[in-house]
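We did not get these values from a lab; they are worked out from the coordinates using the rules stated. The structure presented is a predicted model; accordingly, all values stated were derived computationally and were not measured. Note that we place each Cβ from the backbone using ideal geometry, even for glycine, and neighbour counts take in every protein chain shown.
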Amino acid sequence: MLKLFERAPLKNIVPYLTILFASLTLNNALADSDHHKPKRIVSIGGAVTEIVFALGQQDRLVARDSTSTYPAEATKLPDVGYMRSLSPEGVLSVNPELILAEEGSGPRETINILEKAKIPFVIIPDAYSREGIISKVIAVGAALGAQKQAEDLTEKLNIDLIAAERRSNSYSGIRKRVLFILSTRGGKILASGSKTAADTVIKMAGGINAISEFSGYKPLSSESITVAAPDIILMMDQGGDHITDNDKLFAMPAISSTPAAKTKSVIRMNGLYLLGFGPRTAAAISDLHLTMYPE
């Protein structure tokens, strides 16, 4: 497994090895206490659910959260609610033997109740990087007792991700400045700064995040957007609170004077596909790159 991180600095590898060993310890504890692999599993988080399917363990799922919309078969499972506002009643109603929850799931009060119910509650780490995706798969595979499947999947994902980033980095033209807009509610632009999934995927695809002055998601003034001068507007194709009509988007005073508005350059992609950092991220990077820089 160490060869998966051969291109990563040692300081970046240590946290993921810690996760790996912790996951393996957890899996052994589950096996020792239950003497069988959990068969009734609730998956919380779109990328976690995708990984369960990619590992061929979907028959053990009895429910998922509302962000788990891929593959299509996942949507046929009972929905226990949004990952950040779960109710203990909804999760417990499906009688789970194991809960796999992406980091950030909650609220904490719900997690406390579920843990008191003596149901194994496994937090799957969420980091926006190639190594982060690998660690997710390792953690899910360990919790499910599917380490061999996880090893096979991480080998493939590692190769695909390295190849996708190499193609993006080989682009020799002028890099596009990209503004990721999460919301336009009330005419206000809520955009991505650094240290977000959007920021990372833009860079992995060979673009430049037009906003670097802050981290996370914050509202932008018209002046800030003018200074940012994005060449492309990047948005989710559905969900969230944003304008879905391109003409109305580019007519917004804050955006109308940008280079993106002048060329009508907007890219809309599925949110889970673009920002999930799961099994399909290499494909998302390639798709975004080719859309930004058509051959």
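Once the Cα atoms of helix 147-169 and of the chain are each reduced to a long axis, what angle between those two axes, in degrees from 0 to 90 to the nearest 10, is obtained?
Its long axis makes an angle of about 10 degrees.
Report the calculated FRET efficiency for residue 75 and residue 118 (r = Cβ-Cβ distance, R0 = 35 Å), to the nearest 0.05.
Result of the calculation: an efficiency of 0.75.
Could I get the Rg over Rh figure for the stretch 177-292? Both from C-alpha atoms, Rh via Kirkwood, rounded to two places.
Result for the stretch 177-292 is an Rg/Rh of 0.93.
One-quarter of the Cα convex hull surface for the chain, in nm²?
Projected area, direction-averaged: 16.0 nm².
With labels modelled as points extended 7 Å from the Cα through the Cβ direction, what inter-label distance (nm, one decimal) is found for residue 290 paired with residue 82?
Taking the two extended label points, one gets 3.4 nm.
Longer than 18 Å from Cα to Cα, which of 195/218; 188/218; 76/136; 203/262; 39/156; 176/262 are they? Say none if no pair is.
76/136; 203/262; 39/156
Residues with amide H under 5 Å of residue 124's amide H, sequence separation 5 or more or different chain, H placed in the peptide plane at 1.01 Å from N; which?
Those lying under 5 Å, H to H, from residue 124 are 101, 102, 103.
Calculate, in nm to one decimal, what residue 214 and residue 169 gain on full extension: separation in residues at 0.36 nm each, minus their alpha carbon distance.
13.8 nm
So for the pair residue 40, residue 247, with labels modelled 7 Å out along Cα→Cβ, what separation do we get in nm?
In this crude label model, residue 40 to residue 247 measures out at 5.4 nm.
Looking at the chain, send over the antiparallel percent of its DSSP beta bridges, to the nearest 5.
Antiparallel bridges: around 20 percent, rounded to the nearest 5.
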